Structures are given as structure tokens and as C-alpha cells.
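Asker: My questions all concern the structure below.
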Amino acid sequence: MSLPRFFLDPAPAAGNTLVPLGLEAARHLKALRLKPGAALELVLGDQAWTADLAELDRGRAMARLVAPMSEVREAPIALQACLPLPAQLSLFDEWLPPLVELGVTLIQPVVYHRSEFDGAKTAARLERWARIIQSACEQSHRNRLPALRPPMPFESLLTWDAPQKWVAYELATGQANPVLHRETLAFTSGPEGGITDDEFAALAGAGWLPVSLGRSILRAVTAPVALLGAVQFELGRSPAP
């Protein structure tokens, strides 16, 4: 059984150092019915540590660092998810856990033509999305929190800088799916209703390559997860040197 893992702010660390855990972590540890002495895993910045629970009482928790961990859990390439803002922002909540578990390193919300963008409502959810991302990282035992950026207009995709840029597209283009290389990959897909013809033409002109995810039409929440799962499968064919 995997140990509970918590992300903390970067800080100088050494064996036997006591570090405070947040209120949310304390509540989680109480729910798990853990006692002082229980083994934990902490991530300070990008460094994972084994640790022991030193104190847990009335919302206060302290852990004692034991030793740094040597592990490789991150994908061998950067995976940048340029996700369409859906009409129902709650759908974004559904996207985040599986994408984080599958190794996404950057999450960029995008306002497509068929997105229903409300700046105030979206800004109010950014903090919630950050919490979902951290929780998914802890659950999947990742070492690094993906970056979450504020929304940007569709037009910004046309100048997006990445050596590989893929767009999941439901219409047949006559092109074979691109070959994955071991360098940064950015990918995007459409909101409910899909990408418009004009948007696809603009993306294609800016170097985004179409990717087919099968013959059926996938829901907006399914497409990016399916694409990233296929990417991780392909990365697993030849382990990084």
C-alpha cells in the first residue's frame, strides 16, 4: 500500500528536521486514523522525502524528515495541455485528476469560439482547480505540481512555442497520426460542439498536427484524457535513457 504523500512549500531540508503540515493534511491524517510514528512521504519543492508523523493533535500536524527519495515518476518529456474552457466549468474539474495522473506538466485553459467564457466565474475557480491538481498529485505520487495558467484566447495558440503541437480533431483529414518524439509536446482539443472549421484551419496553418482518436466522436472531457493516455503508452515503448 502506498504511503500518504503531501506537497509542501520549498524549504531548506535535512534529515531529522521537523516540518509543519497544513490544516488540510492534518484533517486527512486524522481521517486515515494515523498515529505518531506512522510513515509518510513529503515533497518540498521538487524533492521527495520519507518522513515520520511526529505530532497530530486538534488540527496541528508535524512531520520529521528521514531521508531524501530517489525516484523517477515524471514523464520523460514536458506535456502541455491546452484545454478548452467548457460551457460548464464543473467539467474542467473532471478533466484535471486524470490528466494530472497521466503526467501533464502544464495546464493552459483556452477560450475557443464555442467556449462560454465568463472571466469572473473562471477566476473564482482557479483556486479550486489548484487544490484539485495538488490532490491528484498526492494521490498519484508525482514529484512535481503542474503549472496552472490563467485563461488565454484561442488566438494565442497560433503563436504557441513547442516542438510538437497536436490537436485532437474528429473529422477525417487523410493524414496519419504524427510520430511522437522525445521532446516537449503541446496538445489541445475542442469544447462542447467541437473546434470550428476556421479554428482548425488556423491551427493547421500554425503548425498544429491533427490527431485521430478513433472513429467515434468523443466527448470534450474524454478527448484530452484519451490523447494523453495514448502518449504515455507510446512513451512506455522505449524507456528514457
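Asker: Considering only the chain, what is the antiparallel percent among its DSSP beta bridges, to the nearest 5? Could you put the intermediate results ahead of the total?
Answerer: Values: 18 of 42 bridges.
Taking every DSSP beta bridge within the chain, about 45 percent pair in antiparallel fashion.
Asker: Limiting things to C-alpha atoms, what are the Rg and the maximum Cα-Cα separation (Dmax) for the chain, in angstroms?
Answerer: Using the Cα atoms of the chain, the pair Rg, Dmax is 20.1, 63 Å.
Asker: Let me ask you something else. Quick check on the stretch 189-239: take the gyration tensor over C-alpha atoms, sort the square-rooted eigenvalues as a ≥ b ≥ c, and tell me if it's rounded (a/c under 1.5), prolate or oblate.
Answerer: Because a/c hits 1.5 or more and a/b fails to exceed b/c, the stretch 189-239 counts as oblate.
Asker: OK, next. Once you order the gyration tensor axes a ≥ b ≥ c over the Cα atoms, which shape class does the stretch 114-192 get: rounded for a/c under 1.5, otherwise prolate or oblate by comparing a/b with b/c? List each step's numbers first, then the result.
Answerer: Numbers: a/c = 2.09, a/b = 1.29, b/c = 1.62.
Since a/c reaches 1.5 but b/c is at least a/b, the shape of the stretch 114-192 is classed as oblate.
Asker: Quantify, in whole percent, the carbon and sulfur part of the accessible surface of the stretch 42-110 (1.4 Å probe; protein heavy atoms only). If you can, show how the numbers build up before the last one.
Answerer: Details: 1180 of 2610 Å².
That share works out to 45 percent.
Asker: Now for a separate question. Considering only protein heavy atoms, what per residue accessible area in square angstrom results for the stretch 88-241 with a 1.4 angstrom probe?
Answerer: On the way: 7890 Å² over 154 residues.
Ligands and nucleic acids excluded, the figure is 51 Å² per residue.
Asker: When the Karplus curve 6.51 cos²θ - 1.76 cosθ + 1.60 is applied with θ = phi - 60°, which whole-Hz ³J(HN,Hα) does each residue of the stretch 137-146 get, with x for Gly and Pro?
Answerer: So the J values, rounded to whole Hz, are 5, 5, 5, 8, 6, 6, 9, 9, 7, x.
Asker: Another question about this same structure. Checking the a/c ratio against 1.5 first, then a/b against b/c, what shape does the Cα gyration tensor give for the stretch 100-241? Present the calculation step by step, with values, prior to reporting the outcome.
Answerer: Details: a/c = 1.66, a/b = 1.06, b/c = 1.57.
Taking the square roots of the gyration eigenvalues as a ≥ b ≥ c, the stretch 100-241 is oblate.
Asker: Counting only residues 5 or more places away or on other chains, whose amide H sits under 5 Å from the amide H of Trp166 once H atoms are built in the peptide plane?
Answerer: Residues meeting the criterion, in which the H sits 1.01 Å from N, are Ala186, Phe187, Thr188, Leu209.
Asker: In whole Hz, with x marking every Gly and Pro, tabulate ³J(HN,Hα) for the stretch 68-81 from phi via Karplus 6.51 cos²θ - 1.76 cosθ + 1.60, θ = phi - 60°.
Answerer: The phi angles translate into x, 9, 9, 8, 10, 10, 7, 5, x, 10, 6, 10, 9, 9 Hz.
Asker: Below 22 Å, Cα to Cα, which lysines can Lys121 reach? Residues fewer than 8 away in the same chain don't count.
Answerer: Here the lysines satisfying the reach criterion relative to Lys121 do not exist.
Asker: Using a 1.4 angstrom probe and counting only protein chains, how large is the accessible area of Lys30 in Å², to 10?
Answerer: Counting only protein heavy atoms, Lys30 exposes about 100 Å² to solvent.
Asker: Percent relative contact order of the chain, based on C-alpha pairs within less than 8 angstrom and at least six residues apart?
Answerer: 19
Asker: Using a 1.4 Å probe on the protein chains only, how many percent of the accessible area of the stretch 168-207 belongs to carbon and sulfur? If you can, show how the numbers build up before the last one.
Answerer: On the way: 1010 of 1970 Å².
C and S atoms contribute 51 percent here.
Asker: Could you tell me the accessible area of Val72 in Å² (1.4 Å probe, neighbours in place), rounded to the nearest ten?
Answerer: 140
The values are calculated or read from the model by the stated rules, or taken from the named source; none is laboratory data. Here the structure is a predicted model, which is why all the values come from computation and not from measurement. Please note that ligands, DNA and RNA were not included when accessible areas were found on the heavy atoms of the full protein model with its side chains. Shrake-Rupley method; radii C 1.70, N 1.55, O 1.52, S 1.80 Å.
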